[in-house]
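**Student:** Pasting a structure here, questions to come.
Just so it is clear, none of the values below were taken in a lab; they were calculated from the coordinates. All figures in this text were calculated on a predicted structure; none of them were measured in a lab. Neighbour counts are summed over all protein chains in view; Cβ atoms, including those assigned to glycine, are modelled from backbone coordinates with ideal geometry.
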Amino acid sequence: MNAPDFEIPFYLPVGKECELFEHAHKNKLPLMLKGPTGCGKTRFVAHMAARLGLNLQTVSCHDDLTAADLTGRYLLKGGETQWMDGPLTHAVRMGGVCYLDEVVEARKDVSVVLHPLSDDRRILPLERTGETLEAADSFMLVVSYNPGYQNILKSLKPSTRQRFVGLSFDYPAPDTEIRIVAEESGLDMQSCVPLVNLATRIRAMKDQDLEEGASTRLLVYCATLIHSGMGALEASRAALIEPLSDDDDVKSGLEEVVRATFG
Ligand SMILES: Nc1ncnc2c1ncn2[C@@H]1O[C@H](COP(=O)(O)OP(=O)(O)OP(=O)(O)O)[C@@H](O)[C@H]1O
Ligand SMILES: [Mg+2]
């Protein structure tokens, strides 16, 4: 029951991550993805869900997100209260992938809901309705977060982490990233080579000056601007310097690196 090819979002594997996803799904294991911003986590999940013909529910977690936002709530409808499944409950009932992006941001009560669902019980107790749902066979829980942004208050507890199999993402190797940037932006591969080299140099500045290196997403933006007719210098300023820093010294450091590449 696989979805037809044209509906599958483009994703170029960087390792054996597609195999791991398939094995995890087949064996009903939840999956935890970690990695810096813009390195392909969300795209990977979208690709795999489509490839396996699975419905995908994505929830971007934030510090106000409560368990009820995931499980559901009673809503007033025409004078009556009616239970409305949240995205997690929907996926548990109907099957498919429920993807919780930036899961470390969610409130503490969310982990209470995730625990019985992410171990071998695969159940979702709904306190408000009194139901206990058993997850459909094709249900899979996927969570992701960026370990770089975590503080001690917001890291996942061992009892939560150890309910998942995990996969670390990083920026793709240069050859792979060139192909990704070309495919996503429409810019020819040859012109993507200096961009990826530039990113490598900017990424080396991480820790000294930058909180995060230039993401694959920003490289795609930059290549898109160039493909649309902007000069490489201007495109790099807009897509690779401004989004990375507000600090004048850091920005002039980046400007130097950009000029050394395109100047
Ligand atoms: N392996 C890949 N194959 C295809 N496209 C990719 C790949 N890696 C990154 N991209 C490109 O990079 C962009 C950003 O990726 P994505 O949105 O998946 O990042 P993310 O890891 O989810 O970031 P965040 O943590 O900020 O949500 C995608 O829109 C896509 O254009
Ligand atoms: Mg994402």
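**Student:** Counting other Cβ atoms within 10 Å, keep those with at most 14, restrict to DSSP loop, and tell me which chymotrypsin sites (Phe, Trp or Tyr not before Pro) in the stretch 1-88 are left. Walk me through the numbers on the way to the answer.
**Tutor:** Working: sites: Phe6, Phe10, Tyr11, Phe21, Phe44, Tyr74, Trp83; in loops: Phe10, Tyr11.
Counting only loop positions with at most 14 other Cβ atoms within 10 Å, the chymotrypsin sites (Phe, Trp or Tyr not before Pro) in the stretch 1-88 are Phe10.
**Student:** First obtain the Kirkwood hydrodynamic radius of the chain from its Cα pairs, then insert it into the Stokes-Einstein equation at 4 °C and 1.567 mPa s, and state the resulting D in µm² per second as a whole number.
**Tutor:** Details: Rh = 20.3 Å.
The diffusion coefficient I find is 64 µm²/s.
**Student:** Ok, one more. Would you give the gap between the C-alpha center of the stretch 1-64 and the C-alpha center of the stretch 153-196, rounded to a whole Å?
**Tutor:** 13
**Student:** On to the next question. Between Rg and the Kirkwood Rh of the stretch 1-138, both from Cα atoms, what is the Rg to Rh ratio? Write out the running numbers ahead of the final one.
**Tutor:** Details: Rg = 15.9 Å, Rh = 16.1 Å.
That ratio is 0.99, to two decimals.
**Student:** Under the Kirkwood approximation for Rh and a Cα-based Rg, what ratio Rg/Rh is obtained for the stretch 145-228?
**Tutor:** On the way: Rg = 16.1 Å, Rh = 14.6 Å.
Computed over Cα atoms, the ratio is 1.10.
**Student:** Full-extension gain between Ala260 and Asp119, please, as 0.36 nm times their residue separation minus the C-alpha to C-alpha distance. Can you show the working numbers first?
**Tutor:** Values: separation 141, 0.36 × 141 = 50.76 nm, distance 5.19 nm.
Computed gain between Ala260 and Asp119 is 45.6 nm.
**Student:** Is it possible to state the helix-based mean residue ellipticity at 222 nm for the chain, with each DSSP H run of 4+ residues giving -39500 (n - 2.57), the sum divided by total residues, to the nearest 500 deg cm²/dmol? What is it? Let's see the in-between values first.
**Tutor:** Working: 11 runs with 108 residues, N = 263.
Rounded to the nearest 500, the figure is -12000 deg cm²/dmol.
**Student:** With r as the distance between the Cβ atoms of Leu20 and Ala238 and R0 = 22 Å, compute the FRET efficiency 1/(1 + (r/R0)^6) and round to 0.05.
**Tutor:** On the way: r = 36 Å, r/R0 = 1.64.
FRET efficiency, Ala238 to Leu20: 0.05.
**Student:** Further, regarding this structure: Once you've got the GNM for the chain with C-alpha springs shorter than 10 Å, pick whichever of Lys26, Lys77, Lys206 has the biggest mean-square fluctuation.
**Tutor:** Largest GNM mean-square fluctuation: Lys77.
**Student:** For the residues Ile241, Ile180, what sequence is obtained by ranking on other C-beta atoms within 10 Å, fewest first? Can you show the working numbers first?
**Tutor:** On the way: Ile241 21, Ile180 24.
Ranking Ile241, Ile180 by Cβ neighbours within 10 Å, fewest first, gives Ile241, Ile180.
**Student:** Stretched out fully, how many nm does the piece from Thr200 to Arg93 gain, at 0.36 nm a residue minus the Cα gap? Kindly include the intermediate steps, with their values, before the conclusion.
**Tutor:** Details: separation 107, 0.36 × 107 = 38.52 nm, distance 4.44 nm.
The span from Thr200 to Arg93 would gain 34.1 nm if fully extended.
**Student:** Further question: Run the simple label-point estimate for Arg73 and Leu29 please: 7 Å along Cα→C-beta, distance reported in nm.
**Tutor:** Between Arg73 and Leu29, the simple spin-label model gives 3.6 nm.
**Student:** Given the options His62, Gly79, Ala50, identify the residue whose Cα lies farthest towards the positive end of the charge dipole of the stretch 31-81 (+1 on Cβ of Lys, Arg; -1 on Cβ of Asp, Glu).
**Tutor:** It is Ala50, whose Cα lies furthest towards the positive end.
**Student:** Continuing with this model, one more query. When the chain is fully extended, how far beyond the present Cα-Cα distance does Ser228 get from Lys251, taking 0.36 nm per residue of separation?
**Tutor:** Details: separation 23, 0.36 × 23 = 8.28 nm, distance 2.43 nm.
Fully extending the segment from Ser228 to Lys251 adds 5.8 nm.
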